[in-house]
Ligand code: PRT
Ligand code: ZN
């Protein structure tokens, strides 16, 4: 039986629960509890604060965890990073007050920088030979310059809206992060095998994200051109229609090229184009 630590509440919780649901695994019982059993897989959920997840996994309190790469890097706990999960994307950036005389990284020499990520920041400053004063604060980092606690901040940015609201400008994107599946380094073979099964399910979900299943009818003489247009996974599936001279073509297309391809296929004479969501892609 595996035990996985996930965020009890916060930005990563919903996406974690959705990922497990897509993988056919649901937690039984209330989220308010510290632990829950799962249906659909031999796994228990342990609900923690994200800050505590790297340590819980490195100590073996949990075999697995889902947490931002930012927390993994900051806490410096020894864990295996199994796979990125494609959600919780953000960056940690240096930001300065909008109207300050910022000239380049040397500006930070002798300045006070407020952050909740002192370890990542200290590494970055050392690499760039900057000597600044790091003020570690737990929350509301973005207000530190306005209240005179710091000259600049080093904080998580996603849309950038919070910086703008606080009169700050992002000047260096230092660390890119997303949610990641982490594991304890000394698990036995049985647990490793279960993790491989879980990873297989997550991989198939990740691969199907952003993909669409497209069906269309095509005149026979246009098939060669259509196939050339669509590399597909191997090659598209073709089924003859009752109406001779026409085929039904089935193909998987990435969302970002969907409309381009559909326009080209229409020009080739494709009709009755159906676009369907793809739930899983198992290779
Ligand atoms: O209670 P607990 O300790 O578990 O949660 P928490 O409050 O420490 O973390 P939480 O839930 O805020 O974030 C969990 C994880 O989500 C982070 O460690 C990141 O890996 C990831 N993540 C992704 C983010 C953001 N996007 C994000 N935008 N974490 C925080 N923010 C905050 C940021 O701190 C800033 O205040 O959102 C604001 C900036 O957002 P924009 O969109 O205005 O730029
Ligand atoms: Zn936290």
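General observations
- Taking Cα atoms only, the orientation of helix 13-22 departs from the longest principal axis of the chain by about 30 degrees.
- MRE, 222 nm, helices only [DSSP H, n ≥ 4, -39500 (n - 2.57), over the chain, to nearest 500]: -8000 deg cm²/dmol
- Proxy reagent accessibility, fewest Cβ within 10 Å first, across 221, 74, 244: 244, 221, 74
- Here the translational diffusion coefficient of the stretch 92-248 follows from Stokes-Einstein with Rh set to the Kirkwood radius across Cα pairs; for 25 °C and 0.890 mPa s it amounts to 118 µm²/s.
- Evaluated at q = 0.20, 0.24, 0.25 Å⁻¹, the base-10 log of the normalised Debye intensity for the stretch 86-161, with identical point scatterers placed on the Cα atoms, takes the values -0.86, -1.20, -1.29.
- Bins of 10 Å from zero: percent of alpha-carbon pairs in the stretch 1-65: 24, 60, 17
- Spatial offset of the stretch 16-61 relative to the stretch 248-265 amounts to 37 Å, using the alpha carbon center of each.
- Principal axis extents of the Cα atoms in the stretch 29-108, from largest to smallest and rounded to whole angstrom, are 57, 27, 21.
- Of 119, 67, 57, the residue with the greatest mean-square motion in the GNM of the chain, using alpha carbon springs below 10 Å, is 119.
- Sorted by Cβ density within 10 Å, fewest first, the residues 115, 136, 103, 162: 103, 136, 162, 115
- Value of D in µm² per second that Stokes-Einstein yields for the chain, Kirkwood Rh from Cα pairs, at 10 °C (1.306 mPa s): 71
- Computed over the alpha carbons of the stretch 209-255, Rg followed by Dmax gives 10.9, 36 Å.
- Rounded to 10°, Cα long-axis angle of helix 118-127 versus longest principal axis of the chain: 90
- Likely footprinting exposure, 250, 37, fewest C-beta neighbours within 10 Å first: 37, 250
- Gaussian network model of the chain, Cα within-10 Å springs - most flexible of 142, 81, 257: 257
- Here the relative contact order of the stretch 99-164, from alpha carbon pairs under 8 Å that lie six or more residues apart, stands at 37 percent.
- Using C-alpha pairs under 8 Å with a sequence gap of at least 6, the mean separation divided by the residue count of the chain gives a relative contact order of 19 percent.
- Cα-based convex hull, the stretch 30-184, per residue volume (Å³, whole number): 132
- The stretch 97-239, relative contact order [Cα under 8 Å, separation at least 6], %: 19
- Taking the inverse of the mean 1/r over every pair of distinct Cα atoms in the stretch 68-109 gives a Kirkwood hydrodynamic radius of 13.6 Å.
- Value of Rg/Rh across the stretch 178-243 [Cα atoms, Kirkwood radius]: 1.25
Read-outs throughout are calculated quantities, based only on the coordinates presented, and are distinct from any laboratory measurement. Being a predicted model, the structure only gives us computed values, none of them experimental. All Cβ positions, glycine included, derive from the backbone under ideal geometry; neighbour counts span all protein chains shown.
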